[in-house]
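Trainee: Got a structure for you, questions after.
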Amino acid sequence: RASGRVLCVVAAHLMTTSRDGPRVTKHPGEVRAGELARIKAIVEAAVEPGDALVFMGDFNTPPSDARVFEGRVGDGFDTGFADGAFSWGTRTLRDAFAPVHGWADCEGVCTSKNGDRSLWIDYIFHDASLAPMERSDVSAPAGAIPDLAHPSDHLPLACTFRFS
């Protein structure tokens with residue numbers, strides 16, 4: 001508040017692979033890629049150039065699935081994603097947790113874990129006007145979640161930013 005700057009927060013929950021996977025779509029990932037392209041168009045039209053931007057949520061897509069992030073599915077989608085970042089208009093959105101997962105399927109850390117899988121599928125992207133300061137612990141629990149200590153099959157992601 002003291003800065004007087006505007007912070008725009010965009011939250012998304014992209015389609016699950018149960019409705020965007022090989023058993024249900026001609027091109028698995030096309031629904032999620034289309035959702036990313038639509039969010040990009042909305043942000044480019046609605047967020048002012050000087051506003052800070054955070055884009056976060058459950059993307060239901062592991063870092064290794066570049067074709068969904070990049071929109072290389074079906075007829076293709078303009079998601080603006082390349083080299084681990086979204087380029088939307090004049091801004092570039094980077095993942096605050098990229099140093100943790102390194103854009104690869106990772107060991108020992110995750111954002112979602114159940115009896116079948118342990119995956120990184122949740123993200124917090126930010127533009128250059130924000131600098132990550134602290135990140136939540138995303139160490140993979142020993143067993144499947146939810147459990148008594150974790151009420152969801154997702155670990156909460158949190159990041160403290162400062163205006164740069």
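Trainee: Report the antiparallel proportion of the DSSP beta bridges in the chain as a percent, rounded to a multiple of 5.
Mentor: 75
Trainee: Here's something else I'd like to know. Which Rg and Dmax, in Å, describe the Cα atoms of the stretch 102-160?
Mentor: Expressed in Å, the Cα Rg and Dmax of the stretch 102-160 come to 12.6, 39.
Trainee: May I pose another question? What number in nm² do you get for the chain if you take the convex hull of its Cα atoms and divide its surface by four?
Mentor: Computing the convex hull of the Cα atoms and averaging its projections yields 10.3 nm².
Trainee: Can you pull out the GluC sites (Glu not before Pro) in the stretch 64-164 that DSSP calls coil and that have at most 11 other Cβ atoms within 10 Å?
Mentor: Passing both the DSSP loop test and the Cβ count: 107.
Trainee: Give me the 1.4 Å probe accessible area per residue for the stretch 60-119, excluding ligands and nucleic acids, in Å².
Mentor: 48
Trainee: Using square roots of five times the C-alpha gyration tensor eigenvalues, list the equivalent-ellipsoid semi-axes of the stretch 20-91 in whole Å, biggest first.
Mentor: 23, 12, 11
Trainee: Provide the FRET efficiency to the nearest 0.05 for the residue 142-residue 51 pair, computing r from the beta carbons and using R0 = 35 Å. Please list the in-between numbers first.
Mentor: Values: r = 41 Å, r/R0 = 1.18.
Approximately 0.25, to the nearest 0.05.
Trainee: Okay, helix-only estimate at 222 nm for the chain: each DSSP H run of n ≥ 4 adds -39500 (n - 2.57), divide by all residues, round to 500 deg cm²/dmol; what do you get?
Mentor: On the way: 3 runs with 26 residues, N = 164.
After summing the helix terms and dividing by residue count, I get -4500 deg cm²/dmol.
The values are calculated or read from the model by the stated rules, or taken from the named source; none is laboratory data. A quick note: this is a predicted structure, and the numbers were derived from the prediction, not measured. Cβ atoms come from the backbone with ideal geometry, glycine included; neighbour counts cover every protein chain shown. Note: areas computed on protein heavy atoms with side chains; ligands, DNA, RNA excluded. Shrake-Rupley method; radii C 1.70, N 1.55, O 1.52, S 1.80 Å.
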